[in-house]
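Chemist: Right, I'll just put the structure down here and ask away after.
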Amino acid sequence: MKSSNNNHLPFINMDRGQFTYFDLVNRYKRGDIDLQPLYQRGDVWGIEMKRNLLESIMMNFPVPPLIFAEKERGKWEVIDGQQRLRAIIDYVDGKFGVKHASISGLEDAYFTDLEVSMQRKIQEYLFFVFILKKNADPDIKFDLFQRINSNGTALTGYEIAMSKMGEKRMWLRKLSEDEYFLKLTEGYLRPNGYKSEEMILRFLAFYTLGYKLYNGKMNEFINRFVDYIKTNNLQFPSIEETFQKTMHNIFVVFGEKAFCRINNIAKINMALFDILAYSFARCVKHDINNGDMINQQLDVLITEDKLFQTSLKKNTSNKTMVMYRFETWMEFMNSIYDYDSGGYI
């Protein structure tokens, strides 16, 4: 008798059924559907994708099923279908109109412009729904999210890493609310947005693993950090305290444009953020009383060290570039503060 690897595949306990848009939006407005669990992305669909979905529904075309995970007290969180639900909710709430002429008479039509029969058609549109039961292994939920999204709007390496963090993604959201981080990114990033979490995830990876373990592939490095925190007992209060002191000290030394001083471009330079955040996190136990010297030295390196300047602008994830900017900056910082340049590992 042949053995089969299928014997080792987990059984996924799911319910299935059909729900109208009206049913789903009522659940959402009651707070019974969470459209933004920690592993989910934000609103990434553009207007054209939203309009195309609405046209499909108006023409009674089938759309992909929605997948939810069951929570306590009968609540659901969305695994797949977040963008579709947001699009329909936004349309019914009057946030955009159907501007294509592929449906006769509906060009530039907002929901309130539709005939009552068409409004009813949208509200009574039937979605196929799958519900992952709450007794399922939590890892199945995240695995399902990644598998589904690998065939849709592609997940970035950061989004994959964040989805794997599970409940620990709250670390990123909490840190993104830090007073001085907000001051340093105000006007450059949307407060508490995805890019803020991406910056903080990079910081945590370099701070925890140490830059010497960077292998030239940022996505792999970030995912290695996520795997590390899943199996090691890192304490968030300690990380939060370090991050807060780090952002405060960077603000005091460099001011609000600390991460935006390359060619006077009003855009955060992630490579510069990496080295400043890492080096200041390594010396949070020291009093920063050499701020002017540190500020001046950074200017010298940016203007006079051509390779250092290049490492901040071109091929910034290349291992050689990453190592050069970290080693160059850390050599200077080590001349002021005696601290280890390694990580936890």
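Chemist: With only Lys, Arg, Asp and Glu charged, each at its Cβ (+1 for the first two, -1 for the last two), find how big the charge dipole of region 214-305 is about the Cα centre; round to the nearest 20 debye.
Modeler: Details: 9 positive and 11 negative charges, 57 e Å.
Value, rounded to 20: 280 debye.
Chemist: State the extension gain, in nm to one decimal, for the chain segment bounded by TYR337 and MET118, taking 0.36 nm per residue of separation less the distance between their alpha-carbons. Mind dumping the intermediate values first?
Modeler: Values: separation 219, 0.36 × 219 = 78.84 nm, distance 6.90 nm.
Separation in residues times 0.36 nm, less the Cα-Cα distance, equals 71.9 nm.
Chemist: Which residues' amide hydrogens lie under 5 Å from the amide hydrogen of ILE33, considering only partners 5 or more residues apart or on another chain, with H built in the peptide plane?
Modeler: Placed amide hydrogens put TYR28, TRP76 under 5 Å from ILE33.
Chemist: If neighbour count is taken as other Cβ atoms inside 10 Å, put LEU307, LEU132 in order from fewest to most. Before the final figure, lay out the partial values.
Modeler: On the way: LEU307 12, LEU132 21.
Ascending number of Cβ neighbours within 10 Å: LEU307, LEU132.
Chemist: In a Debye calculation with equal point scatterers on the alpha-carbon sites of region 160-336 and no solvent, what is log10 I(q)/I(0) at q = 0.08, 0.14, 0.15, 0.17 Å⁻¹?
Modeler: After summing over all Cα pairs, the log10 values are -0.23, -0.73, -0.85, -1.13.
Chemist: How high is the FRET efficiency between ASN289 and GLU241 when r is their beta carbon distance and R₀ equals 22 Å, given to the nearest 0.05? Spell out each step's value before the answer.
Modeler: On the way: r = 20 Å, r/R0 = 0.92.
That gives a FRET efficiency of 0.60.
Chemist: Please give every one of the lysines within straight-line cross-link reach of LYS29, meaning a C-alpha to C-alpha distance under 23 Å, and leave out same-chain neighbours fewer than 8 residues apart.
Modeler: LYS50, LYS71, LYS75, LYS95, LYS121, LYS133, LYS134
Chemist: Let me ask you something else. If you keep only loop residues by DSSP, which GluC sites (Glu not before Pro) in region 192-287 have at most 16 other Cβ atoms within 10 Å of their Cβ? Could the numbers behind the result be given before it?
Modeler: Values: sites: GLU197, GLU198, GLU220, GLU240, GLU241, GLU256; in loops: GLU256.
Hits after loop and neighbour filter: GLU256.
Chemist: Based on the Cβ-Cβ distance of GLU220 and ASP108, what FRET efficiency does E = 1/(1 + (r/R0)^6) give at R0 = 45 Å, to the nearest 0.05?
Modeler: Values: r = 47 Å, r/R0 = 1.04.
The calculated FRET efficiency here is 0.45.
Chemist: Residue by residue, what Karplus-based ³J(HN,Hα) values in Hz, rounded to whole numbers, does region 46-63 have, using 6.51, -1.76 and 1.60 with θ = phi - 60° and x for Gly and Pro?
Modeler: Working through the residues one at a time gives x, 4, 4, 5, 5, 5, 4, 4, 5, 4, 4, 5, 4, 8, 6, 6, x, 10 Hz.
Chemist: A further question on this structure: Just to be sure I understand the model, the point goes 7 Å from the Cα along the line to the Cβ. What's the resulting LYS183 to ILE12 distance in nm?
Modeler: 4.7
Chemist: For LYS99, what residues show an amide H to amide H distance below 5 Å, using hydrogens built from the backbone and excluding near sequence neighbours?
Modeler: Here ASP108 satisfy the definition.
Chemist: Follow-up question, since we're still on this one. Quick query: amide H of THR20 versus all other amide H atoms, modeled in the peptide plane; which residues come in under 5 Å with a sequence gap of 5 or more or a different chain?
Modeler: Those lying under 5 Å, H to H, from THR20 are PHE127.
Chemist: Among the aspartates and glutamates, which have Cα under 19 Å from the Cα of LYS245 when same-chain residues fewer than 8 positions away are ignored?
Modeler: LYS245 reaches GLU177, ASP178, GLU179, GLU186, GLU197, GLU256, ASP274, ASP287, ASP292, ASP338, ASP340.
Chemist: Still on this structure, I have one more. Could you compute the net charge surrounding ASP178? Neighbours are other residues with a C-beta less than 13 Å from the C-beta of ASP178; K and R count +1, D and E count -1. Walk me through the numbers before you get to the answer.
Modeler: Working: positive: ARG173, LYS174, LYS183, LYS245; negative: GLU177, GLU179, GLU186, GLU197, GLU240, GLU241.
Result for the neighbourhood of ASP178: -2.
Chemist: Using +1 on the beta carbon of Lys and Arg, -1 on that of Asp and Glu, and nothing else charged, what's the dipole of region 191-345 about the Cα centre, debye to 20? It would help to have the intermediate numbers written out before the result.
Modeler: Numbers: 17 positive and 17 negative charges, 113 e Å.
Computed about the Cα centre, the dipole is about 540 debye.
Chemist: Step through the residues of region 73-82 one at a time and calculate ³J(HN,Hα) from phi using the Karplus curve (6.51 cos²θ - 1.76 cosθ + 1.60, θ = phi - 60°), rounding each to whole Hz and writing x for Gly and Pro.
Modeler: Working through the residues one at a time gives 6, x, 7, 10, 10, 7, 9, 9, x, 4 Hz.
Chemist: Mind listing the phi-derived Karplus ³J(HN,Hα) values for region 296-310, rounded to whole Hz, using 6.51, -1.76 and 1.60 with θ = phi - 60°, and x for any glycine or proline?
Modeler: Result, ordered by residue: 5, 5, 5, 4, 4, 5, 5, 8, 10, 9, 4, 5, 4, 4, 4 Hz.
Every number in this text was worked out from the coordinates using simple rules, so none of it is lab data. Remember, it's a predicted structure, so these values are computed and weren't measured experimentally. All Cβ positions, even for glycine, are placed from backbone atoms using ideal geometry, and neighbour counts span all protein chains on display.
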